Amino acid sequence: MTKFQGTVIGVVAALTLGLYALTQDHLFGSKKTTSTTVSHSADDGHNHGDESASLSTDTILLQARATLSPPQRDRLTFLENSITRGDVADQKVHLYHRLAAFWRDTGRLFEPFAWYTGEAARLENSEKSLTFAAHLFLNNLRTEEDPALKNWKASQAKDLFERSLKLDPANDSSQVGLGATYLYGGMASPMEGILKIRGVAERDSTNIYAQLTLGEASMISGQLDKAAERYRKVVRLDPSNVQALFALADVYERMGNKKEAVAWYQKTLPLIPIPGYRKEVENRIEQLKR
């Protein structure tokens, strides 16, 4: 990923995914768990979703624990052992939220943070908590490069989206999210994911999330003309959709049409509230004009 691509992801996160997504790199980027630290193991009972995943949750949690200082490990052990007699299910939900907060604020690692968030959502079994956790994994999955971690994150997202859809089968956002999980996770049938997304777009052509995701699918497959068509449809529906505007600029840059790329990048400038990011886009515009 180039520095400018990182800038674009930051801008889109800030404006479309919310502040948490914007700060993920600052929270987790410097201490990310890698699947090469400990050998991969088979499913251990913690892997929800795809049981063929080669990287187990226990392995990921073991790797994460190894990054902690002794006092941090003591604190983690205390939290893990803090369930007492009584309403164990409710206590577990509370504990998992505390463990997620520990890994977010102290351990500063995405994988255990997201996993405990997902476990709390599974116990709560509410559509809101399940979809939040599912999108947490999906948004991170988009930029994951390690194949084993990608498989694990996709399995987690798939399981969470499927649980959410059992509660509300008509939730188009979760249908698109599940389809995107197949697409970005490199799962066995990416076309199955695309068909799920197309189904939503055919029922509701104004569904921006579906159109954006189909545009990304076209980008991945190298169908730039189709991608541009999807993104233009989004802009017609929502002229201030920064994700679509950046995507159109990227499409035309890949096509070698610098004039169109510049025009679309210029449309993003009034929408970027962070001066540093805006300056990066202005620099890119100047480079393309040369």
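The values are calculated or read from the model by the stated rules, or taken from the named source; none is laboratory data. Quick caveat: nothing in here was measured; it's all calculated off a predicted structure. For neighbour counting, all protein chains shown are included, and Cβ atoms are generated from backbone atoms with ideal geometry for every residue, glycine included.
The set of residues from region 163-180 being within 20 Å of the chain's Cα centre (by Cα), of a type in the set (D, E, K, R) and surrounded by fewer than 19 Cβ atoms within 10 Å (Cβ to Cβ) comprises just one member, Asp172. Any residue at all in region 219-234 that's under 25 Å from the mean Cα position of the chain (by Cα) and of a type in the set (Val, Ile, Thr)? For region 219-234, residues under 25 Å from the mean Cα position of the chain (by Cα) and of a type in the set (Val, Ile, Thr): present.
Got a sec? Which of Leu141, Leu136 is at pLDDT below 95, buried (at least 20 other Cβ atoms within 10 Å of the Cβ) and aliphatic (A, V, I, L, M)?
Values: Leu136 fails: at pLDDT below 95.
Being at pLDDT below 95, buried (at least 20 other Cβ atoms within 10 Å of the Cβ) and aliphatic (A, V, I, L, M) holds for just one of Leu141, Leu136, which is Leu141.
The one condition from (1) within 27 Å of the chain's Cα centre (by Cα); (2) closer than 30 Å to Asp204 by Cα that Ile274 does not meet is (2).
Highlighted here are the helices (runs of 4 or more DSSP H) found entirely within region 63-142 that include at least 2 residues which are closer than 23 Å to Lys166 by Cβ and either touching a Ser or Thr at 6+ places or on another chain (Cβ under 8 Å) or not aliphatic (A, V, I, L, M) (or both): 88-102, 110-124, 127-141.
The residue of region 102-133 that is surrounded by the most Cβ atoms within 10 Å (Cβ to Cβ), among those that are over 22 Å from Thr59 (Cβ atoms) and touching a residue at least 12 places away in the same chain (Cβ under 8 Å), is Leu130.
The number of residues in region 85-101 being modelled with pLDDT under 95, surrounded by fewer than 16 Cβ atoms within 10 Å (Cβ to Cβ) and of a type in the set (A, V, I, L, M) comes to 2.
Given the criteria closer than 16 Å to Leu123 by Cβ and surrounded by fewer than 18 Cβ atoms within 10 Å (Cβ to Cβ), does Arg75 qualify? Spelling it out, it is not the case that Arg75 is closer than 16 Å to Leu123 by Cβ and surrounded by fewer than 18 Cβ atoms within 10 Å (Cβ to Cβ).
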